[in-house]
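Colleague: Here's a structure for you.
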Amino acid sequence: MSPGRSPSDLAVDRAVPVSATPSIWAFIAADCFSFAIFFAVFMSERLGKASLFDESARRLDARLGLLNTLILICSSGLVAAGVAAAQKGDLSEARRWLWRGVIVGGGFGVVKIVEYSSKVLHGLTPLTNDFFMFYYALTGVHFLHYLIGLAVLFVLIRKTRSATIADSNTLLWINSGGIYWHMVDLLWVFLFPMLYLLGGR
Amino acid sequence: MALQNKQITNVWLALIVATLGSFVVAEYLAQPRWGVAAIMIVAAFKVRLILRHFMELKHASTELRVLFDAWILVCAGMISGFYYVA
């Protein structure tokens, strides 16, 4: 028997408003603030070294960066559908969407490992020059956020199993976890053009 | 009101089109002077779509919405600004 109940059985036919997840929003604000500082440091270090930075950026494979952007956008959409299903009270449906989000999102990690390996094999490491130091540092910090996000998604999937109804605690977790994953996506949306596309062709 | 699947699909489609569009401009067209500004404006709109719709910020308090709109403007503006000054 499916552990999720049909939407009509549940009184939880409403969205949990953002004001109900204040903790995650405080965290999101702090993390976004930190990344704004990272962007500022990168771009100010680039002043006076623009040709070095641009020439180095052109050695990145923008198609892999693009692929990763598309992967995270798709994964975000799938997770959003999972959160929506949970808000409507359908935990089995939520779990299916979250799994799809995890599987697609997992692709980002694979591409990143392929990309890092390829760079290292071509002798491009964090010690190569300032651009590459920033490239590895920024994408590395983002990658840590991504790994945490994946772990969070697994926790959400477990919660859709252990909860019999979409109670407020389960919804708090699912709403918050989804919001965190979307943050991983949106940070990459800024990182990708800043690192990969500014150098042009 | 809970986020509807139709809305998710529309936002997802807009994000995909915006991503592919700005990639084509960046990589395949001779990069005009305004190219980077255009790319960052598109990125800013994508981030805003994710915040407003996927993260449901449009249902949040005005303060939170304004805070993140400001963050988006600062990030995109700063990246573009530093680029053109370099």
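The values are calculated or read from the model by the stated rules, or taken from the named source; none is laboratory data. Every value quoted in this text rests on a predicted model; they were computed, and no experiment measured them. Note: ideal-geometry Cβ built from the backbone for every residue, glycine included; neighbour counts use all protein chains shown. Note: accessible area is taken over every heavy atom of the protein model, side chains too, but ligands, DNA and RNA are not part of it. Shrake-Rupley method; radii C 1.70, N 1.55, O 1.52, S 1.80 Å.
Colleague: Using the structure shown, list the pairs from A:49/B:46; A:88/A:112; A:159/B:46; A:88/B:58 with a Cα-Cα distance above 23 Å, or answer none.
Modeller: Going by Cα-Cα distance, A:49/B:46; A:88/A:112; A:159/B:46 fall outside the 23 Å limit.
Colleague: Given charges of +1 on the Cβ of Lys and Arg and -1 on the Cβ of Asp and Glu, with all other atoms neutral, how large is the dipole of segment B:1-80 about its Cα centre, in debye to the nearest 20?
Modeller: Value, rounded to 20: 120 debye.
Colleague: Suppose each label sits 7 Å from its Cα in the direction of the beta carbon; what would the residue A:151-residue B:10 distance come out to in nanometres?
Modeller: Result for the modelled spin labels: 3.8 nm.
Colleague: I'd like the orientation of helix A:130-162 relative to chain A: the angle between its Cα long axis and the longest Cα principal axis, in ° from 0 to 90, rounded to 10.
Modeller: 10 degrees
Colleague: By its C-alpha gyration tensor, with a ≥ b ≥ c as the square roots of the eigenvalues, how is chain A shaped: rounded for a/c under 1.5, else prolate for a/b larger than b/c, else oblate?
Modeller: Verdict is prolate for chain A.
Colleague: Which percent of the accessible heavy-atom area of segment A:116-174 goes to carbon and sulfur, probe 1.4 angstrom?
Modeller: Using a 1.4 Å probe with all protein chains present, segment A:116-174 comes out at 70 percent carbon and sulfur.
Colleague: Give me the accessible area buried between chains A and B, both sides summed, with a 1.4 Å probe, in Å² rounded to the nearest 100.
Modeller: 3900 Å²
Colleague: Using the Cα gyration tensor of chain B, with a ≥ b ≥ c the square roots of its eigenvalues, what is the shape: rounded (a/c below 1.5), prolate (a/b larger than b/c) or oblate (neither)?
Modeller: oblate
Colleague: Would you mind classifying segment A:74-121 by shape? Square roots of the alpha carbon gyration tensor eigenvalues, ordered a ≥ b ≥ c; an a/c under 1.5 is rounded, otherwise it is prolate if a/b is larger than b/c and oblate if not.
Modeller: The shape class here is prolate.
Colleague: Using the membrane-span-like helix rule (whole DSSP H runs, Cα extent along the own axis of at least 24 Å, mean Kyte-Doolittle hydropathy at least 0.5), which helices of chain B qualify?
Modeller: In chain B, the long hydrophobic H runs are B:5-28, B:62-85.
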